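Novice: What follows is a single structure, and I will ask about it in a moment.
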Amino acid sequence: RALPTEETKAKLTQAADLGLGVRVAMARDLAAPPWVDAVHHATITRLILEQGVIPASYQPYIPTNSAGYHPGFHTLAAVFTWLSGLEIQQAMLILGQALNALAAPAVYLLALQISGSRAAAVLAALGCAVFTPMPAYLTSWGRYTQLTGLLILPAAHKFISLAFADLAQRPALRWLLLAAIACAGMFLVHYRVLAFFALLLLAELAVLAARAVVMPELRRTLANQVAGLCAAALVAVMLSLPWWPDTVRTLFAPRLANPTPAAAAFSDFSWSYLTSASGTAVMIAAGLGLLVALAKQRWFATSLLLWLSLLVFSANLGVFGLPGASFINNTSVEIMLFMPFCTLAGYAVWEFYQWIEKLLPQRVKKTAQAVFVLLAAAASFAGAARLAPILNPITILARQNDLAAIRWI
């Protein structure tokens with residue numbers, strides 16, 4: 001339905017290829033994924049490969065009585081390692097960089113759903129591929145679980161949008177079922193991403209409810225969407241039900257029973273996660289995009305602004321003494337902000353281009369298009385050059401020469 005044109009697909013492919021090239025260049029000398037998260041992921045992946053199933057326990061390698069630590073990602077890593085025939089550290093390094101590059105088309109899908117502009121969505125994907133420090137920097141931490149969940153989020157949003165595409169009818173059940181499957185997948189990969197997605201839906205429902213106050217014809221649409229989302233949530237819980245008892249016992253119950261002490265607002269916030277590489281320019285463009293969208297009375301701007309507010313609030317619950325303060329923190333929110341930021345930045349750049357094009361006479365518009373493409377290409381390669389060396393050398397555990405020495409020993 002409403003498939004992209006060949007030109008759009010070509011541009012999106014170029015953006016994704018450039019992003020993949022940067023990710024490969026970043027990891028070209030690594031023998032294994034950096035930092036300790038990757039060690040944990042490799043250990044659990046090895047257990048799955050050895051036992052042929054999700055293990056009932058991580059003992060004796062990991063001293064915990066739970067075996068529900070991001071099973072969605074570890075299953076994916078185990079299957080990829082098995083099919084590729086590579087050693088675990090090699091497979092995880094390649095898989096992690098591939099997933100990182102896939103963030104560009106994921107951002108494209110989310111930006112397209114939110115802004116409705118394919119050109120703005122392609123620019124958003126380009127921003128994610130070569131400009132923003134995240135998700136490229138996640139390689140430094142081996143933090144593949146939240147990244148994998150973020151790749152599912154736009155698909156779930158797309159399915160829900162398709163379910164409610166015809167506002168005059170009840171939601172299409174097949175799209176709600178696919179949305180439920182995607183939500184169950186997000187839960188199995190990383191529960192925080194499912195929380196981020198729930199906050200996005202809450203923001204969109206709140207905006208729809210505000211519009212329904214002055215537009216009574218939207219009230220039935222609002223009721224249908226609430227009922228449909230509740231049904232999808234119920235199916236998602238049923239699909240992931242075998243994992244809920246362990247999750248509640250080992251994750252939710254202890255944290256609710258022992259709340260995190262009150263902390264200062266943004267105590268774990270770091271601007272460098274947003275401003276490194278070309279992140280500052282993207283944030284400025286995102287701010288301009290938000291202002292332009294609000295000035296043009298585009299409802300998605302209000303939804304995104306409310307979503308960002310809910311994300312910040314959920315990461316600072318401890319400031320207000322509210323329960324659940326340890327479930328979401330500022331760092332986890334910061335490293336996913338590339339999705340709304342790139343969406344708004346892509347919209348801003350496209351709106352600026354359209355404004356310039358309207359001011360130009362017809363005879364020079366073709367030339368202006370060529371100049372715009374050349375400027376975008378030059379900026380992309382400059383952004384890629386700034387992004388490629390972003391990895392923190394302190395987090396690198398083994399390079400290729402280290403691996404050769406280890407094998408010799």
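Novice: Which order do the peptides 324-330, 207-213, 401-407, 32-38 come out in when sorted by mean C-beta neighbours inside 10 angstrom, highest first? Please report the intermediate quantities before stating the final value.
Specialist: On the way: 324-330: 18.3, 207-213: 15.3, 401-407: 11.6, 32-38: 21.0.
Highest mean packing first, the order is 32-38, 324-330, 207-213, 401-407.
Novice: How much of Met215 can a 1.4 Å solvent probe reach, expressed as accessible area in Å² and rounded to 10?
Specialist: For Met215, the solvent-accessible surface is approximately 70 Å².
Novice: Using a Förster distance of 35 angstrom, determine the FRET efficiency expected from the C-beta separation of Ala281 and Met238, and round it to 0.05.
Specialist: Approximately 0.20, to the nearest 0.05.
Novice: May I ask you to evaluate 6.51 cos²θ - 1.76 cosθ + 1.60, the Karplus curve with θ = phi - 60°, for each residue of region 130-143 and list the ³J(HN,Hα) values in order in whole Hz, giving x for glycine and proline?
Specialist: Residue by residue, region 130-143 yields 9, 10, 6, x, 9, x, 4, 5, 4, 4, 4, 9, x, 8 Hz.
Novice: Once amide H atoms are built 1.01 Å from N in the peptide plane, which residues 5 or more positions from Ala325, or in another chain, come under 5 Å H to H?
Specialist: Thr260
Novice: To continue, here is another question. First compute the accessible area of region 255-409 with a 1.4 Å probe, then give the percent of it belonging to carbon and sulfur atoms. Write down the numbers at each step before the final one.
Specialist: Values: 6010 of 8790 Å².
Accessible surface attributable to carbon and sulfur in region 255-409 totals 68 percent.
Novice: Where the accessible area of region 41-125 is counted over protein heavy atoms with a 1.4 Å probe, how much of it, in %, is carbon and sulfur? List each step's numbers first, then the result.
Specialist: On the way: 2190 of 3470 Å².
Heavy-atom surface of region 41-125 belonging to carbon and sulfur, 1.4 Å probe: 63 percent.
Novice: Just subtract the alpha-carbon distance of Ala212 and Ile406 from 0.36 nm times their residue separation and send over the number in nm, one decimal. Present the calculation step by step, with values, prior to reporting the outcome.
Specialist: Working: separation 194, 0.36 × 194 = 69.84 nm, distance 6.53 nm.
Full extension of this stretch gives 63.3 nm more.
Novice: Label Thr331 and Val39 with points 7 Å out from Cα along Cα→Cβ: what is the distance between them in nm?
Specialist: 1.6 nm
Novice: Let me ask something else about it. At a 10 angstrom cut-off on C-beta neighbours, averaged per residue, how do the peptides 151-157, 171-177 rank from highest to lowest? Walk me through the numbers on the way to the answer.
Specialist: Values: 151-157: 21.9, 171-177: 16.9.
Descending mean neighbour count gives 151-157, 171-177.
Novice: Mind checking the per residue accessible area of region 54-148 for me, 1.4 Å probe, whole number of Å²? Spell out each step's value before the answer.
Specialist: Numbers: 3070 Å² over 95 residues.
Result: 32 Å² of accessible area for each residue.
Novice: A follow-up question, please. Once each part is reduced to its C-alpha centroid, what is the distance from region 288-327 to region 341-409 in angstrom?
Specialist: Comparing the Cα centres of region 288-327 and region 341-409, I get a distance of 27 Å.
Novice: Follow-up question, since we're still on this one. Find the accessible area per residue for region 185-224; the probe is 1.4 Å, ligands and nucleic acids are left out, and the unit is Å². Present the calculation step by step, with values, prior to reporting the outcome.
Specialist: Working: 1740 Å² over 40 residues.
Value for region 185-224: 43 Å² per residue.
Novice: What does the extension gain come out to for Val319 and Lys9, with contour length at 0.36 nm per residue minus their alpha carbon separation? Intermediate results must be reported in sequence, preceding the final value.
Specialist: Numbers: separation 310, 0.36 × 310 = 111.60 nm, distance 4.53 nm.
Going from the current span to full extension adds 107.1 nm.
Novice: Turning to a different aspect of this structure: What are the ³J(HN,Hα) values, in whole Hz, obtained from phi via the Karplus relation 6.51 cos²θ - 1.76 cosθ + 1.60 with θ = phi - 60°, for each residue of region 393-408 in sequence order, with x given for Gly and Pro?
Specialist: Taking θ as phi minus 60°, the curve returns x, 5, 8, 7, 8, 8, 9, 4, 5, 5, 5, 5, 5, 4, 5, 5 Hz for region 393-408.
Novice: Straight-line reach from Lys296: which lysines have Cα under 19 Å away, leaving out those fewer than 8 places along the same chain?
Specialist: Hits, sequence-local ones excluded: Lys358.
Novice: Out of these labelled values of Kirkwood radius over Cα pairs in Å, (1) 28.0; (2) 25.3; (3) 22.7, which was calculated from the coordinates shown here?
Specialist: (3)
The values are calculated or read from the model by the stated rules, or taken from the named source; none is laboratory data. Everything numeric in this text was worked out from a predicted model, so none of it was measured. When we count neighbours, we look across all protein chains shown, and the Cβ atoms used for this are built from the backbone with ideal geometry, even at glycine. For accessibility, only protein heavy atoms count, side chains too; no ligands or nucleic acids. Shrake-Rupley method; radii C 1.70, N 1.55, O 1.52, S 1.80 Å.
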